[in-house]
Amino acid sequence: MIARIPITWRIVSRYQVSLVCRKSYIILIYICQVYLKGKYKIGEFIRLKYYLFYFHFKLNMDKSYYLCHTMSMVKITTFLKRIGLSDKEAIIYEYLLNKGELSVAELSQVSQLKRGDLYNVLYSLRDRDLVQQVDRGRSSTFSVTDPTLLKNQIEVQKDRLAEAEAATSVLLPKLVSQYTITSNRPSVRYLEGLPGLISVYDELFASKEKEFLLLRSVYDNTTPEISEVINQMVERQIAQKMKVRLIAPLEEKSKRRYLVTDKERGIERRIVEESQLQSPAQIMIWGDCVAIISLKGHTVITLMENADIAQTFRNMFTYMWEKAEPYHDKVVKSWK
């Protein structure tokens with residue numbers, strides 16, 4: 001069996017021998033070696049071709065079965081883990097599904113898990129109604145329940161995802177703030193549409209700041225949807241008793257807002273000439289955050305968090321505030 005090994009391996013490779021069936025593998029090598037030594041006569045050579053064909057067919061069938069079975073196992077295990085089961089839970093559930101009712105001792109042998117870990121896994125599956133326990137004297141056996149109950153795991157995952165989304169909206173600003181402090185790099189995010197606008201307001205009110213600065217855009221009331229969101233924001237601002245310093249262009253509604261609604265809303269307004277503030281985007285400044293919100297057409301938002309950037313915008317706002325005072329006083333005096 002030692003002679004002409006390279007040629008033997010080429011023949012073995014040609015017939016795609018699978019290691020799944022080792023006995024067939026050894027027999028096939030033996031046949032190849034005997035054939036190469038010339039010990040077979042013509043009739044036996046025909047028999048050899050039959051053997052080779054037989055083992056070729058049998059080994060490939062073994063290989064196909066093994067691959068199909070393995071792929072099925074992988075798909076089931078992957079599915080179980082995707083709906084929330086741990087690696088160990090998925091393995092034990094798979095064993096019980098395939099083998100039926102088993103004792104802890106039997107499961108321990110096939111799964112190679114320690115009894116303590118195995119009991120924890122089984123009790124976890126039992127508490128979720130995926131496995132049932134049957135007491136048989138001093139021992140217990142376990143078996144899977146109706147697999148349709150796995151749908152309940154999907155609903156649990158949905159609930160967890162909803163809770164995670166709710167927690168993210170509250171905790172993300174704090175995480176970003178901490179990241180900015182420790183890394184000393186500005187955080188920049190890009191948001192779009194009404195959901196993005198609502199997210200900015202959520203972060204504003206979550207900050208618990210006592211005041212924010214607003215450089216208004218002439219497009220902030222151009223659509224019913226934006227107007228509704230801004231009205232909701234104003235209600236939240238009043239409820240939270242947050243003050244607003246606002247620079248806005250002179251408009252038809254400016255007089256009524258200044259004389260009637262600003263005080264009850266906690267707004268201190270500074271009016272500038274309309275021609276000097278035809279901005280398509282509004283700027284909001286609070287804490288270490290600056291939000292530049294483009295409201296003309298599709299809403300696009302750039303949200304930055306950095307103390308130096310926020311202070312720079314705050315300085316620019318203060319400069320505009322002071323420069324607008326003469327015109328503002330002139331307009332207000334004309335209203336009285």
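Since every read-out is calculated from the coordinates, none of them should be taken as a lab result. Note that the structure is a prediction, hence the values are computed from the model and not measured. When we count neighbours, we look across all protein chains shown, and the Cβ atoms used for this are built from the backbone with ideal geometry, even at glycine.
Students often get this wrong, so check it: of LYS208/LYS323; LYS75/LYS114; LYS208/LYS243, which have C-alpha atoms separated by over 18 Å?
From the list (LYS208/LYS323; LYS75/LYS114; LYS208/LYS243), the Cα-Cα distance tops 18 Å for LYS208/LYS323; LYS75/LYS114.
Using a Förster distance of 30 angstrom, determine the FRET efficiency expected from the C-beta separation of LYS151 and TYR190, and round it to 0.05.
Using R0 = 30 Å, I get an efficiency of 0.20.
Full extension from ILE238 to LYS255: what is 0.36 nm times the residue separation minus their Cα-Cα distance, to one decimal in nm?
Answer, rounded to one decimal: 4.1 nm.
Which FRET efficiency value, to the nearest 0.05, is calculated for LYS99 and GLU225 with the Förster distance at 45 angstrom and r the Cβ-Cβ distance?
Efficiency computed from Cβ-Cβ geometry: 0.15.
Using a 7 Å offset from Cα along Cα-Cβ at ALA162, what residues in segment 81-121 end up with backbone N under 19 Å from the label point?
Backbone N within reach: 83-84.
Once the Cβ-Cβ distance between ALA206 and LYS114 is put in as r, and R0 is 41 Å, what FRET efficiency do you end up with, to the nearest 0.05?
Efficiency computed from Cβ-Cβ geometry: 0.35.
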